[in-house]
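The values are calculated or read from the model by the stated rules, or taken from the named source; none is laboratory data. Just so it is clear, the model here is predicted, and its values are computed rather than measured. Methodologically, a virtual Cβ is constructed for each residue, glycine included, from the backbone with ideal geometry; neighbour enumeration extends over all protein chains shown.
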Amino acid sequence: MGYLRLGVNIDHVATIRNARGGLHPDPVRAARVAAEAGADGITAHLREDRRHISDVDIERLVREIDLPLNFEMAATEEMLEIALRHRPHAVCIVPEKREEVTTEGGLDAAGQHNRLKRYCQELGAAGCRVSLFIEADERQLEAATSLGAPVVEIHAGAYCEVEDDARPAELARVIEAAEVAERLGLECHVGHGLSFDTVGPIAAIPSVAELNIGHFLIGEAIFGGLESSIKRMRALMDNARAAATGQISA
Ligand code: PXP
(Lines give C-alpha, C1' and ligand atoms only; values in the text may rest on other atoms or scores of the structure.)
Protein backbone atom coordinates (compact mmCIF):
# COMPACT_ATOMS: atom_id res chain seq x y z
CA MET A 1 0.00 0.00 0.00
CA GLY A 2 1.65 3.20 -1.11
CA TYR A 3 1.26 6.92 -1.14
CA LEU A 4 -2.08 8.27 -2.35
CA ARG A 5 -1.71 11.08 -4.88
CA LEU A 6 -4.11 14.00 -5.18
CA GLY A 7 -4.79 15.43 -8.61
CA VAL A 8 -6.58 18.76 -8.38
CA ASN A 9 -9.00 19.41 -11.23
CA ILE A 10 -9.06 23.13 -12.03
CA ASP A 11 -11.81 23.09 -14.70
CA HIS A 12 -14.28 25.04 -12.61
CA VAL A 13 -11.90 27.92 -11.98
CA ALA A 14 -12.20 28.37 -15.74
CA THR A 15 -15.99 27.96 -15.51
CA ILE A 16 -16.14 31.01 -13.23
CA ARG A 17 -13.73 32.97 -15.40
CA ASN A 18 -15.74 32.20 -18.52
CA ALA A 19 -18.97 33.37 -16.89
CA ARG A 20 -17.64 36.91 -17.48
CA GLY A 21 -15.41 36.20 -20.43
CA GLY A 22 -12.29 37.86 -18.95
CA LEU A 23 -9.09 36.54 -17.42
CA HIS A 24 -10.10 36.22 -13.76
CA PRO A 25 -9.93 33.84 -11.96
CA ASP A 26 -6.93 32.32 -13.71
CA PRO A 27 -6.81 28.48 -13.65
CA VAL A 28 -3.01 28.54 -13.98
CA ARG A 29 -2.81 30.62 -10.79
CA ALA A 30 -5.09 28.02 -9.17
CA ALA A 31 -2.67 25.30 -10.32
CA ARG A 32 0.19 27.16 -8.60
CA VAL A 33 -1.82 27.42 -5.37
CA ALA A 34 -2.68 23.71 -5.66
CA ALA A 35 1.01 22.85 -5.99
CA GLU A 36 1.83 24.83 -2.86
CA ALA A 37 -1.08 23.27 -0.95
CA GLY A 38 0.13 19.71 -1.54
CA ALA A 39 -1.41 18.58 -4.82
CA ASP A 40 0.60 15.95 -6.66
CA GLY A 41 -0.80 16.74 -10.08
CA ILE A 42 -3.10 19.04 -12.02
CA THR A 43 -6.06 17.70 -13.96
CA ALA A 44 -7.81 19.63 -16.72
CA HIS A 45 -10.48 18.58 -19.19
CA LEU A 46 -10.41 20.29 -22.58
CA ARG A 47 -13.99 19.79 -23.73
CA GLU A 48 -15.04 19.85 -27.34
CA ASP A 49 -17.20 22.93 -26.66
CA ARG A 50 -14.44 24.65 -24.57
CA ARG A 51 -17.01 25.45 -21.88
CA HIS A 52 -14.31 25.81 -19.21
CA ILE A 53 -10.66 25.01 -19.96
CA SER A 54 -9.35 26.63 -23.17
CA ASP A 55 -6.56 25.67 -25.56
CA VAL A 56 -4.47 28.54 -24.16
CA ASP A 57 -5.01 27.23 -20.61
CA ILE A 58 -3.56 23.88 -21.65
CA GLU A 59 -0.57 25.55 -23.36
CA ARG A 60 0.11 27.61 -20.23
CA LEU A 61 -0.30 24.65 -17.86
CA VAL A 62 2.25 22.67 -19.87
CA ARG A 63 4.66 25.63 -20.02
CA GLU A 64 4.28 27.18 -16.58
CA ILE A 65 3.40 24.41 -14.10
CA ASP A 66 5.95 21.88 -12.86
CA LEU A 67 3.44 19.35 -11.51
CA PRO A 68 2.46 16.48 -13.82
CA LEU A 69 -0.54 17.37 -16.00
CA ASN A 70 -3.36 14.87 -16.37
CA PHE A 71 -5.09 15.90 -19.60
CA GLU A 72 -8.68 14.67 -19.77
CA MET A 73 -10.03 14.31 -23.29
CA ALA A 74 -12.69 12.64 -25.36
CA ALA A 75 -11.51 10.15 -27.96
CA THR A 76 -11.68 12.48 -30.96
CA GLU A 77 -9.14 13.27 -33.67
CA GLU A 78 -8.99 16.92 -32.58
CA MET A 79 -8.12 16.02 -28.98
CA LEU A 80 -5.63 13.36 -30.02
CA GLU A 81 -3.79 15.93 -32.12
CA ILE A 82 -3.69 18.38 -29.18
CA ALA A 83 -2.49 15.70 -26.74
CA LEU A 84 0.23 14.52 -29.13
CA ARG A 85 1.38 18.12 -29.56
CA HIS A 86 1.72 18.74 -25.81
CA ARG A 87 2.59 15.23 -24.63
CA PRO A 88 1.28 15.70 -21.06
CA HIS A 89 2.41 13.32 -18.35
CA ALA A 90 -0.97 11.55 -18.38
CA VAL A 91 -4.03 11.42 -20.60
CA CYS A 92 -7.35 10.27 -19.23
CA ILE A 93 -9.82 9.32 -21.95
CA VAL A 94 -13.37 10.20 -20.91
CA PRO A 95 -16.74 9.88 -22.63
CA GLU A 96 -18.17 13.23 -23.67
CA LYS A 97 -21.64 14.26 -24.73
CA ARG A 98 -22.22 17.85 -25.75
CA GLU A 99 -25.48 18.20 -23.83
CA GLU A 100 -24.26 16.78 -20.50
CA VAL A 101 -23.55 19.05 -17.52
CA THR A 102 -20.61 16.90 -16.43
CA THR A 103 -19.12 13.53 -17.38
CA GLU A 104 -22.06 11.20 -16.93
CA GLY A 105 -21.01 7.59 -16.60
CA GLY A 106 -17.81 5.92 -17.66
CA LEU A 107 -16.29 5.19 -21.01
CA ASP A 108 -17.56 2.07 -22.78
CA ALA A 109 -14.08 0.64 -23.20
CA ALA A 110 -15.52 -2.79 -23.96
CA GLY A 111 -18.06 -1.61 -26.56
CA GLN A 112 -15.69 0.83 -28.27
CA HIS A 113 -12.63 -1.39 -28.15
CA ASN A 114 -11.66 -1.13 -31.82
CA ARG A 115 -12.07 2.64 -31.93
CA LEU A 116 -10.11 3.23 -28.71
CA LYS A 117 -7.20 0.93 -29.54
CA ARG A 118 -5.46 3.46 -31.81
CA TYR A 119 -5.87 6.27 -29.26
CA CYS A 120 -4.30 4.16 -26.52
CA GLN A 121 -1.46 3.09 -28.79
CA GLU A 122 -0.62 6.55 -30.15
CA LEU A 123 -0.80 8.26 -26.78
CA GLY A 124 1.24 5.51 -25.12
CA ALA A 125 3.85 5.68 -27.89
CA ALA A 126 4.09 9.45 -27.33
CA GLY A 127 5.06 8.78 -23.70
CA CYS A 128 1.70 9.69 -22.09
CA ARG A 129 0.43 7.48 -19.29
CA VAL A 130 -2.99 6.49 -20.62
CA SER A 131 -5.92 6.15 -18.28
CA LEU A 132 -9.51 5.16 -19.09
CA PHE A 133 -12.35 6.65 -17.06
CA ILE A 134 -14.68 3.69 -16.54
CA GLU A 135 -17.47 2.46 -14.31
CA ALA A 136 -16.69 -0.02 -11.52
CA ASP A 137 -17.39 -2.94 -13.84
CA GLU A 138 -15.21 -6.01 -14.43
CA ARG A 139 -15.96 -6.07 -18.17
CA GLN A 140 -14.65 -2.53 -18.55
CA LEU A 141 -11.54 -3.32 -16.51
CA GLU A 142 -10.78 -6.31 -18.70
CA ALA A 143 -11.27 -4.15 -21.79
CA ALA A 144 -8.78 -1.61 -20.40
CA THR A 145 -6.23 -4.42 -20.03
CA SER A 146 -6.71 -5.62 -23.57
CA LEU A 147 -6.44 -2.02 -24.81
CA GLY A 148 -3.02 -1.83 -23.15
CA ALA A 149 -3.94 1.12 -20.90
CA PRO A 150 -1.73 1.05 -17.80
CA VAL A 151 -4.23 3.02 -15.67
CA VAL A 152 -7.98 3.09 -15.04
CA GLU A 153 -9.92 5.78 -13.23
CA ILE A 154 -13.06 4.44 -11.56
CA HIS A 155 -16.06 6.77 -11.83
CA ALA A 156 -17.08 7.60 -8.25
CA GLY A 157 -20.28 9.40 -9.25
CA ALA A 158 -22.65 6.61 -8.24
CA TYR A 159 -20.93 6.24 -4.84
CA CYS A 160 -20.97 10.00 -4.17
CA GLU A 161 -24.48 10.76 -5.39
CA VAL A 162 -26.61 7.98 -3.85
CA GLU A 163 -28.65 8.32 -0.67
CA ASP A 164 -26.63 7.52 2.45
CA ASP A 165 -28.29 4.13 3.00
CA ALA A 166 -27.34 2.94 -0.48
CA ARG A 167 -23.75 4.21 -0.29
CA PRO A 168 -22.18 1.08 1.28
CA ALA A 169 -23.27 -0.99 -1.72
CA GLU A 170 -21.76 1.55 -4.13
CA LEU A 171 -18.57 1.66 -2.06
CA ALA A 172 -18.37 -2.13 -2.24
CA ARG A 173 -18.51 -1.90 -6.05
CA VAL A 174 -15.58 0.55 -6.11
CA ILE A 175 -13.58 -1.62 -3.68
CA GLU A 176 -14.19 -4.70 -5.81
CA ALA A 177 -13.22 -2.85 -8.99
CA ALA A 178 -10.00 -1.66 -7.33
CA GLU A 179 -9.21 -5.27 -6.36
CA VAL A 180 -9.87 -6.51 -9.88
CA ALA A 181 -7.71 -3.69 -11.29
CA GLU A 182 -4.86 -4.71 -9.01
CA ARG A 183 -5.22 -8.35 -10.09
CA LEU A 184 -5.12 -7.29 -13.73
CA GLY A 185 -1.99 -5.19 -13.12
CA LEU A 186 -3.76 -1.87 -13.71
CA GLU A 187 -2.97 1.25 -11.66
CA CYS A 188 -6.23 2.37 -10.12
CA HIS A 189 -7.40 5.98 -9.75
CA VAL A 190 -10.80 7.18 -8.56
CA GLY A 191 -12.58 10.43 -9.33
CA HIS A 192 -15.75 12.41 -9.80
CA GLY A 193 -17.93 13.95 -7.13
CA LEU A 194 -15.62 13.37 -4.15
CA SER A 195 -16.02 15.69 -1.16
CA PHE A 196 -14.78 15.96 2.43
CA ASP A 197 -17.63 13.62 3.43
CA THR A 198 -17.08 10.94 0.80
CA VAL A 199 -13.29 10.86 0.35
CA GLY A 200 -12.30 8.81 3.43
CA PRO A 201 -13.58 5.34 2.49
CA ILE A 202 -12.15 5.71 -1.03
CA ALA A 203 -8.77 6.91 0.26
CA ALA A 204 -8.69 3.84 2.53
CA ILE A 205 -8.79 1.41 -0.42
CA PRO A 206 -5.20 0.16 -0.37
CA SER A 207 -4.62 -0.27 -4.10
CA VAL A 208 -5.96 3.14 -5.13
CA ALA A 209 -2.99 5.26 -6.20
CA GLU A 210 -4.61 8.59 -7.08
CA LEU A 211 -7.77 10.63 -6.57
CA ASN A 212 -8.81 13.38 -8.97
CA ILE A 213 -10.98 15.99 -7.33
CA GLY A 214 -12.27 19.29 -8.68
CA HIS A 215 -15.76 20.70 -8.31
CA PHE A 216 -16.03 20.30 -4.55
CA LEU A 217 -12.58 21.81 -3.90
CA ILE A 218 -13.27 24.85 -6.07
CA GLY A 219 -16.71 25.30 -4.51
CA GLU A 220 -15.33 25.00 -1.00
CA ALA A 221 -12.63 27.53 -1.86
CA ILE A 222 -15.36 30.19 -1.95
CA PHE A 223 -15.76 29.79 1.80
CA GLY A 224 -12.25 29.12 3.05
CA GLY A 225 -9.83 29.66 0.18
CA LEU A 226 -8.35 27.20 -2.29
CA GLU A 227 -5.22 26.45 -0.29
CA SER A 228 -7.27 25.60 2.78
CA SER A 229 -9.74 23.38 0.91
CA ILE A 230 -6.92 21.42 -0.74
CA LYS A 231 -4.96 21.08 2.51
CA ARG A 232 -8.03 19.75 4.31
CA MET A 233 -8.72 17.24 1.52
CA ARG A 234 -5.07 16.17 1.58
CA ALA A 235 -5.24 15.66 5.36
CA LEU A 236 -8.48 13.64 5.13
CA MET A 237 -6.91 11.43 2.46
CA ASP A 238 -3.69 10.94 4.43
CA ASN A 239 -5.54 10.16 7.65
CA ALA A 240 -7.84 7.63 5.99
CA ARG A 241 -4.90 5.93 4.29
CA ALA A 242 -2.84 5.88 7.48
CA ALA A 243 -5.78 4.46 9.46
CA ALA A 244 -6.26 1.75 6.83
CA THR A 245 -2.59 0.76 7.06
CA GLY A 246 -2.73 0.67 10.86
CA GLN A 247 -0.30 3.57 11.22
CA ILE A 248 -2.81 5.46 13.38
CA SER A 249 -6.12 4.42 14.85
CA ALA A 250 -9.19 5.37 12.84
N1 PXP B 1 -11.94 12.49 -12.96
C2 PXP B 1 -12.52 12.56 -14.18
C3 PXP B 1 -12.11 11.56 -15.20
C4 PXP B 1 -13.45 13.58 -14.48
O5 PXP B 1 -14.02 13.63 -15.70
C6 PXP B 1 -13.76 14.53 -13.49
C7 PXP B 1 -14.73 15.61 -13.79
O8 PXP B 1 -14.26 16.42 -14.79
C9 PXP B 1 -13.12 14.43 -12.25
C10 PXP B 1 -12.24 13.39 -12.00
C11 PXP B 1 -13.36 15.43 -11.17
O12 PXP B 1 -14.68 15.37 -10.75
P13 PXP B 1 -15.24 16.46 -9.75
O14 PXP B 1 -15.06 17.78 -10.41
O15 PXP B 1 -16.65 16.06 -9.56
O16 PXP B 1 -14.42 16.37 -8.49
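Take the conditions of a type in the set (Ser, Thr, Tyr), surrounded by fewer than 20 Cβ atoms within 10 Å (Cβ to Cβ), at pLDDT 95 or above and closer than 21 Å to Leu132 by Cα and apply them to Thr76. Does it pass?
Values: of a type in the set (Ser, Thr, Tyr): yes; surrounded by fewer than 20 Cβ atoms within 10 Å (Cβ to Cβ): yes; at pLDDT 95 or above: yes; closer than 21 Å to Leu132 by Cα: yes.
Spelling it out, Thr76 is indeed of a type in the set (Ser, Thr, Tyr), surrounded by fewer than 20 Cβ atoms within 10 Å (Cβ to Cβ), at pLDDT 95 or above and closer than 21 Å to Leu132 by Cα.
Every test in (1) free of Cβ contacts under 8 Å to residues at least 12 places away in the same chain; (2) within 26 Å of Ile16 (Cα to Cα); (3) of a type outside the set (Phe, Trp, Tyr) is passed by Glu77 save one, and that test is (2).
Quick test for you: out of Asp26, Asp11, pick the one residue that is more than 13 Å from the ligand (Cβ to nearest atom) and acidic (Asp, Glu). Even if it seems obvious, please write down each step before you answer.
On the way: Asp11 fails: more than 13 Å from the ligand (Cβ to nearest atom).
From the options Asp26, Asp11, the qualifying one is Asp26.
Do we have any residue at all in the stretch 167-174 that's within 11 Å of the ligand (Cβ to nearest atom) and under 18 Å from the mean Cα position of the chain (by Cα)? Looking through the stretch 167-174, none of the residues is within 11 Å of the ligand (Cβ to nearest atom) and under 18 Å from the mean Cα position of the chain (by Cα). In the set Asp66, Asp108, only one residue is outside any helix (DSSP H, G or I) and away from the ligand (no atom under 16 Å from the Cβ); that residue is Asp66. Residue count for the stretch 43-58 satisfying the condition of being more than 12 Å from the ligand (Cβ to nearest atom) and either in contact with a helix residue (DSSP H, G or I) (Cβ under 9 Å, 6 or more places away or on another chain) or not β-branched (Val, Ile, Thr) (or both): 7.
The residues of the stretch 27-45 that are of a type in the set (A, V, I, L, M) and out of contact with any His (no Cβ under 9 Å at 6 or more places or on another chain), listed by number, are Val28, Ala30, Ala31, Val33, Ala34, Ala35, Ala37, Ala39, Ile42.
Scanning the stretch 29-45 for residues that are surrounded by fewer than 22 Cβ atoms within 10 Å (Cβ to Cβ) and either out of contact with any Lys or Arg (no Cβ under 8 Å at 6 or more places or on another chain) or free of Cβ contacts under 8 Å to residues at least 40 places away in the same chain (or both) yields a total of 5. Within the stretch 125-155, the only residue that satisfies the criterion of being polar (S, T, N, Q) and within 15 Å of the chain's Cα centre (by Cα) is Ser131.
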